[in-house]
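Undergrad: First the structure, which I've put down as C-alpha cells, then a few questions once you've had a look.
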Amino acid sequence: MTATPESPGLEMHRGGGGSPLVLLHGINMTWKIWRPVVPALEEQHTVLAPTLAGHLGGPGLVAGAHGIGPVADAVEEMLDRQGIDRAHLVGNSLGGWVACELAQRGRAMSVVAFSPAGAWDTRAAQQRIVRLMRLTRRSAQWSSTRNLMSRPGLRRAALGLALERGDLIPNDVALQMVEETRACLLLEGLLRWIDQHGSIDRFDIDSACPVRLVWPVADRTIPYEPYGRVYRDLIPHAELVPLRGVGHVPMYDDPRLVSRTILEFTARVPAASAGTTT
C-alpha cells in the first residue's frame, strides 16, 4: 500500500470504490496509521486518507497559535480538488475533532469519531492533555526511544498511552511514528491556541448528519471521563459506542473491530447522499 501524490509535494492514499470515505489521523501522525483498516474499508468505499496540515508530508502551516481551522481548510481543499462535495468522515483524536468541524461546514455524509480531541470541562483536564502532548513530543527526541522500539515488550510499554497492544506494531512502523512525531509542526501552535481559547464550546452539526462517537474503554490519552462526556453534550444526537480491548489509537490493536465499527455505521447512509467523485 503506497501513498499517491494528491498535489505537488503532498501525499495521500486513495483506493477502493463506492461512496467516498475520508480517514483523518491524530496529532503527530500521518495517513499511514490507518493502513491496517484500509483494505476492509476499500471493499465498500472510495477511501481517501490525507496527511493533515502541519504533519510530515502534509500541507504547511504558517507559524503561530492556531486551532484546527487551517487543518480543516486543507481537507476541504483536498475534497474540492477530488470533486467530492460530501463524504463519510472518520477521524481519530485530532482527526475526530477535524471531522466534526467539517461536519458543521456541511461536508459530511456521516461522522465516526474515535476519541475526538478538543473538549474538556475543567482547567485540570486541559492541563493534563497539554502535559501529555508535550511529554510525547519530548520523548520522541530521546535517543533511547528508538532503542525501546526494537523489542516488542518495551515497545508495548513505550506506546502504552496510545495503544493497548503496542507490541503488535512492527518495529519499522513504530520507528516511523517516532520520526513523524519529531517532524510535526502543528503541535506547539495548537497548544498555544488551546491555552488562549480553552475547550470547544459548541458544534453546529445538523441533526440529519449521523454521528457516532467511539470511545475505547482503555483509552489512556483521552478517556471518556471527562473528555468524552463533554462531546456527548456538544453533539446531543450522536450515538456513543464503547470499544473494549483497544487503546486511544485503535487501528493496530484490532483492525477488524475498527473496520466493522466504521462500516456498520456508514452502511446506514443511503449512497445517493454522497457527493460526486472523479
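Every number here is computed from the coordinates shown, using simple stated rules; none is lab data. Because the structure is a prediction, the values reported are computed rather than measured. Using ideal geometry, Cβ is built from the backbone for each residue, glycine included, and neighbour counts are taken over all protein chains shown.
Undergrad: Most fluctuating residue of 86, 244, 14 in a GNM of the chain with Cα springs under 10 Å: which is it?
TA: 244
Undergrad: What is the magnitude of the charge dipole of the chain about its Cα centre, with +1 placed on the Cβ of each Lys and Arg, -1 on the Cβ of each Asp and Glu, and no other charges, expressed in debye to the nearest 20? Show your work: numbers first, answer last.
TA: Numbers: 29 positive and 28 negative charges, 180 e Å.
Charge dipole, the chain, about its Cα centre: 860 debye, nearest 20.
Undergrad: Let me ask another. How much length would be gained if the chain were fully extended between residue 150 and residue 122, taking 0.36 nm per residue of separation minus their Cα-Cα distance, in nm to one decimal?
TA: In short, 6.3 nm is gained.
Undergrad: Another question, then. Using only Cα positions of region 8-126, each an equal point scatterer, no hydration layer, compute I(q)/I(0) via Debye at q = 0.09, 0.10, 0.18, 0.23 Å⁻¹ and quote the log10 values to two decimals.
TA: These q points yield log10 I(q)/I(0) values of -0.22, -0.28, -0.89, -1.45.
Undergrad: If amide H atoms are built 1.01 Å from N in the plane of the peptide, which residues on other chains or at least 5 residues away come under 5 Å of the amide H of residue 109?
TA: Hits under the 5 Å cutoff: 87, 88, 89.
Undergrad: Can you tell me which of 190-202, 94-106 comes out highest on packing, and rank the rest after it, using the mean Cβ neighbours within 10 Å?
TA: Values: 190-202: 15.1, 94-106: 24.5.
Peptide ranking by packing, descending: 94-106, 190-202.
Undergrad: Using a 7 Å offset from Cα along Cα-Cβ at residue 167, what residues in region 232-267 end up with backbone N under 16 Å from the label point?
TA: The answer is 246-247, 253-254, whose backbone nitrogens lie closer than 16 Å to the label point.
Undergrad: Out of these labelled values of semi-axes √(5λ) of the Cα gyration tensor in Å, (i) 43, 25, 19; (ii) 26, 21, 19; (iii) 40, 24, 15, which was calculated from the coordinates shown here?
TA: (ii)
Undergrad: Continuing with the same structure: Label points 7 Å out from Cα along the Cβ direction at residue 14 and residue 139: separation in nm?
TA: 3.7 nm
Undergrad: Per residue of region 246-261, in order, report the coupling 6.51 cos²θ - 1.76 cosθ + 1.60 (Karplus, θ = phi - 60°) as ³J(HN,Hα) in whole Hz, putting x for Gly and Pro.
TA: 9, x, 4, 10, x, 5, 8, 4, 7, x, 5, 5, 5, 4, 5, 4
Undergrad: Which cross-chain or sequence-distant (5 or more) residues have an amide H under 5 Å from the amide H of residue 46, H modelled 1.01 Å from N in plane?
TA: Distant-sequence amide H within range of residue 46: 17, 18, 19, 21.
Undergrad: Right, here's the next one. State the antiparallel share, in %, of DSSP beta bridges confined to the chain, rounding to the nearest 5.
TA: 25 percent
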